[in-house]
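Only one structure is covered here, and it is reproduced in the block below.
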Amino acid sequence: MLTRYVVLADRPVPDALGYLTAALEVSSRGLSRKRLSELQTIVAAHATRYDLLIITELDHAIPLGPERDTNAIFRLAAGQHVTAVIDQVRPQAIRMTSKNTDEVVAGAVEQALGHFSKGGS
C-alpha cells in the first residue's frame, strides 16, 4: 500500500531568503554577489518541490495580532523581498489577500484532496 502525505509549510524556503535580504537591507548590510547567487540557486531548486505555493499579501488595514513584529519598516521590506523571491522562482504562485482567502483556501484543499483521490504525489 502506498502512503500519501500532504505537508503544509507556513514558511517555505523562499521566505528564508526574502527575510534574510530584508534584514540585510534594513540594517544596511549585504551579501557578496557570489553568496547571494548561491542562496538563490538553492531556493530556486527547492521551490520546484512545492506542488502549490501561496503567498499572502500583507494588508496594513488589519491590526497586528499578539506577538507580531511591530517594526513597520522591516515588515514592509520583508513583504517586498519575499514577494520578489517568489516572483523569481515561482511566478505562478497564488496570491492570497484579505479579499480572496476563502477562494484560495478552497482551491488548496481541493488540490490536496486530489492527491488522494487521483493518486497524485
- Limited to segment 92-110, what total is found for residues that are loosely packed, with under 14 Cβ neighbours inside 10 Å and either within 14 Å of the chain's Cα centre (by Cα) or in contact (Cβ under 8 Å) with a residue 24 or more places away in the chain (or both)? 4
- Item | Residue ranges of helices (runs of 4 or more DSSP H) in segment 20-121 with at least 1 members over 17 Å from Val6 (Cα atoms) and among the small types (Gly, Ala, Ser) | 33-47, 72-89
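Which residue, of Val85, Val43, Val89, is touching an Asp or Glu at 6+ places or on another chain (Cβ under 9 Å), surrounded by 10 or more Cβ atoms within 10 Å (Cβ to Cβ) and either of a type in the set (Phe, Trp, Tyr) or in contact (Cβ under 8 Å) with a residue 12 or more places away in the chain (or both)?
Numbers: Val43 fails: touching an Asp or Glu at 6+ places or on another chain (Cβ under 9 Å); Val89 fails: touching an Asp or Glu at 6+ places or on another chain (Cβ under 9 Å).
That would be Val85, the only listed residue that is touching an Asp or Glu at 6+ places or on another chain (Cβ under 9 Å), surrounded by 10 or more Cβ atoms within 10 Å (Cβ to Cβ) and either of a type in the set (Phe, Trp, Tyr) or in contact (Cβ under 8 Å) with a residue 12 or more places away in the chain (or both).
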- Can you find a residue in segment 3-15 that is over 19 Å from Ser98 (Cβ atoms), among the small types (Gly, Ala, Ser) and outside any loop (DSSP other than H, G, I, E, B)? no
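All of the numbers you see were taken from the coordinates with simple rules; none came from a lab. In this text, all values refer to a predicted model and were calculated from it rather than measured experimentally. Glycine gets a Cβ as well: all are built from the backbone with ideal geometry, and neighbour counts include every protein chain shown.
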